[in-house]
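The values are calculated or read from the model by the stated rules, or taken from the named source; none is laboratory data. Note that this is a predicted model, so its numbers are computed, not measured. Here Cβ is always computed from backbone atoms with ideal geometry, including for glycine, and neighbour counts include all displayed protein chains. Calculation scope for accessible area: heavy atoms of the full protein, side chains included, ligands and nucleic acids excluded. Shrake-Rupley method; radii C 1.70, N 1.55, O 1.52, S 1.80 Å.
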Amino acid sequence: MPFPLGRPLGSASDAEFQRTVVRAALDLLSTQIEPGIVDFATDAPDVGEQEPWACPLNLAPATGDSFADRLGAEASRFLPWAAETRRRRGRSLFGASGAALDQQREVVQALGSVADSGNLTDAPGVGIDWAFEMPLLIRHLVDDVRTIYHEALASQPGSRAPTHDDLNDWIFDSTVLGEVIIAIADYLTAAADEQPILTFIRGFVVPEGRYRDQSSF
Amino acid sequence: MRADNMARVAPGPWITPKPLAESTVAIVSTAGMHRRGDPPFVAGDLSYRIIPGTSDFSDLVMTHVSANFDRTAVQDDPNVAFPLDRLRELHDAGEIGGVSNWHYSFMGAMPNPSLFEEAGTEVGRLLAADGVDVALLVPI
């Protein structure tokens with residue numbers, strides 16, 4: 001299938017295209033006589049040249065002395081829009097960390113506190129029964145905060161939805177969240193000499209190509 | 001390059017299934033999705049989670065560890081990686097015989113896929129016992 005990673009059926013919210021992909025796979029059972037690989041020749045309908053994407057919110061520099069304060073201020077701009085998306089979709093993928101849907105501010109606070117303290121051992125105490133222990137919890141705190149941002153952008157006015165690369169460019173070039181992720185990655189890097197597993201955690205937190213001038217893993 | 005270094009898994013024997021219109025279909029996904037209250041996937045996880053055929057997407061989360069694939073599509077429409085609604089529609093249209101009572105979710109990101117053999121064999125037995133004729137494997 002000629003589709004980007006993360007969308008094996010090609011296009012979100014395009015039921016007809018998805019059915020076409022499923023049919024193409026299932027039909028192989030009646031057209032093949034032995035195991036094999038057959039290419040799907042059609043690109044997803046939303047692939048192609050697109051105009052540049054920009055976040056519609058003007059993110060003025062978030063004030064505060066700590067990452068937790070600055071990230072909290074930034075995330076508060078997105079929470080109402082994320083709530084709008086949840087209402088529209090009737091669901092959310094927020095909660096990978098173990099947090100409930102009404103604990104978004106606590107998750108933001110927890111991620112910011114890790115960036116402030118560099119504590120890679122003790123789970124942030126914000127009243128959440130985390131689904132993971134540290135340091136793997138960090139990966140899912142990042143995922144949950146990114147989900148808030150992604151789901152917020154899905155409801156904001158704009159000419160088109162951002163791509164995966166658009167989002168990574170924006171997060172790592174323009175947001176406090178990007179600063180927080182890189183700061184935590186630096187802590188993981190510094191501690192990896194004694195705990196090599198932390199290099200893998202860094203690779204789960206920072207997409208490849210986004211960690212300074214080196215591999216994320 | 002990492003894919004080139006992965007262990008090769010030989011194809012299994014070819015089994016001609018029943019006509020699709022008479023076949024029950026199950027999804028086997030590697031997207032790391034599971035019900036909100038289920039144990040999350042952890043790095044190197046070789047286990048699987050069961051997802052009932054009656055599931056509503058509002059009850060599912062994704063704890064796949066990789067940071068290197070686009071999650072916005074699944075956030076927008078989980079069918080893009082777990083096409084449960086599409087199977088229901090194909091069943092309603094008479095194109096497939098049925099949708100399985102149970103579907104299965106693994107987490108990919110495993111350099112040596114042969115490590116999944118034990119769990120995969122177990123899922124195969126469960127699918128057969130449930131009367132499933134076709135497993136739709138959906139990697140992410």
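From the list A:Val145, A:Val38, pick out the single residue that is among the hydrophobic types (A, V, I, L, M, F, W, C) and in a loop (DSSP other than H, G, I, E, B).
A:Val38
What are the pairs, 6+ residues apart or on separate chains, where a residue within region A:194-208 that is in contact (Cβ under 8 Å) with a residue 60 or more places away in the chain has its Cβ under 7 Å from a residue that is open to solvent by less than 20 Å² (accessible area, probe 1.4 Å) and among the small types (Gly, Ala, Ser)?
Between residues of region A:194-208 that are in contact (Cβ under 8 Å) with a residue 60 or more places away in the chain and residues that are open to solvent by less than 20 Å² (accessible area, probe 1.4 Å) and among the small types (Gly, Ala, Ser), the close pairs are A:Leu198/A:Ala192; A:Phe204/B:Ala67; A:Val205/A:Ala185; A:Val205/B:Ala67.
Could you grab me the full set of residues in region A:64-87 that are out of contact with any Lys or Arg (no Cβ under 7 Å at 6 or more places or on another chain) and not in a helix (DSSP H, G or I)?
A:Asp65, A:Ser66 - these are the residues of region A:64-87 that are out of contact with any Lys or Arg (no Cβ under 7 Å at 6 or more places or on another chain) and not in a helix (DSSP H, G or I).
Take A:Leu28 and tell me if it is closer than 25 Å to A:Ser155 by Cβ and either at the interface with chain B (Cβ under 7 Å from one of its Cβ atoms) or open to solvent by less than 60 Å² (accessible area, probe 1.4 Å) (or both). First the steps, then the outcome.
Working: closer than 25 Å to A:Ser155 by Cβ: no; either at the interface with chain B (Cβ under 7 Å from one of its Cβ atoms) or open to solvent by less than 60 Å² (accessible area, probe 1.4 Å) (or both): yes.
No: the conditions fail for A:Leu28.
Taking the condition of being at pLDDT 90 or above, open to solvent by 30 Å² or more (accessible area, probe 1.4 Å) and among the polar types (S, T, N, Q), how many residues in region A:163-201 meet it?
Total satisfying the criteria: 4.
Before we move on, is A:Glu51 among the acidic types (Asp, Glu) and touching a residue at least 40 places away in the same chain (Cβ under 8 Å)? Give the derivation first.
On the way: among the acidic types (Asp, Glu): yes; touching a residue at least 40 places away in the same chain (Cβ under 8 Å): yes.
When the stated conditions are applied, A:Glu51 passes them.
So which of A:Ser97, A:Ser113, A:Ser117 ends up being open to solvent by less than 60 Å² (accessible area, probe 1.4 Å), at pLDDT 95 or above and away from chain B (no Cβ under 13 Å)?
A:Ser113
Might you check whether a residue that is part of a helix (DSSP H, G or I), within 19 Å of A:Pro8 (Cβ to Cβ) and not hydrophobic (A, V, I, L, M, F, W, C) occurs anywhere in region B:124-140? Full working, then the answer.
Just the residues of region B:124-140 that are part of a helix (DSSP H, G or I), to begin with: B:124-129.
Pick out the ones that are also within 19 Å of A:Pro8 (Cβ to Cβ) and you get none.
For region B:124-140, residues part of a helix (DSSP H, G or I), within 19 Å of A:Pro8 (Cβ to Cβ) and not hydrophobic (A, V, I, L, M, F, W, C): absent.
Among the residues of region B:29-42, write down those that are open to solvent by less than 50 Å² (accessible area, probe 1.4 Å) and among the aliphatic types (A, V, I, L, M). Full working, then the answer.
Taking region B:29-42 first, the residues open to solvent by less than 50 Å² (accessible area, probe 1.4 Å) are B:29-34, B:38, B:40-41.
B:Ala31, B:Met33 - these are the residues of region B:29-42 that are open to solvent by less than 50 Å² (accessible area, probe 1.4 Å) and among the aliphatic types (A, V, I, L, M).
Picking from B:Val28, B:Val42, which residue would you name as being in contact with a helix residue (DSSP H, G or I) (Cβ under 9 Å, 6 or more places away or on another chain) and more than 9 Å from chain A (Cβ to nearest Cβ)?
After ruling out the rest, the residue left standing is B:Val28.
Looking at A:Arg210, A:Arg146, A:Arg160, can you tell me which residue is more than 30 Å from A:Arg87 (Cα to Cα) and either assigned by TED's automatic domain parsing to the domain that holds A:Gly90 or crowded, with 19+ Cβ neighbours inside 10 Å (or both)?
A:Arg210
Mind checking which residues of region B:57-97 are more than 8 Å from chain A (Cβ to nearest Cβ), open to solvent by 10 Å² or more (accessible area, probe 1.4 Å) and part of a loop (DSSP other than H, G, I, E, B)?
B:Ala93, B:Gly94, B:Gly97
Would you be able to say whether some residue in region A:162-171 is assigned to a helix (DSSP H, G or I), touching a residue at least 40 places away in the same chain (Cβ under 8 Å) and either in contact with a strand residue (DSSP E or B) (Cβ under 9 Å, 6 or more places away or on another chain) or small (Gly, Ala, Ser) (or both)?
Scanning region A:162-171, I find no residue that is assigned to a helix (DSSP H, G or I), touching a residue at least 40 places away in the same chain (Cβ under 8 Å) and either in contact with a strand residue (DSSP E or B) (Cβ under 9 Å, 6 or more places away or on another chain) or small (Gly, Ala, Ser) (or both), so the answer is no.
Which residue, of B:Ala26, B:Ala21, is open to solvent by 50 Å² or more (accessible area, probe 1.4 Å) and in contact (Cβ under 8 Å) with a residue 60 or more places away in the chain?
B:Ala21
Condition check: assigned by TED's automatic domain parsing to the domain that holds A:Trp81, in a helix (DSSP H, G or I), open to solvent by less than 20 Å² (accessible area, probe 1.4 Å) and in contact with a strand residue (DSSP E or B) (Cβ under 6 Å, 6 or more places away or on another chain). Does A:Ala152 satisfy that? Lay out the reasoning, then the answer.
Values: assigned by TED's automatic domain parsing to the domain that holds A:Trp81: yes; in a helix (DSSP H, G or I): yes; open to solvent by less than 20 Å² (accessible area, probe 1.4 Å): yes; in contact with a strand residue (DSSP E or B) (Cβ under 6 Å, 6 or more places away or on another chain): no.
It is false that A:Ala152 is assigned by TED's automatic domain parsing to the domain that holds A:Trp81, in a helix (DSSP H, G or I), open to solvent by less than 20 Å² (accessible area, probe 1.4 Å) and in contact with a strand residue (DSSP E or B) (Cβ under 6 Å, 6 or more places away or on another chain).
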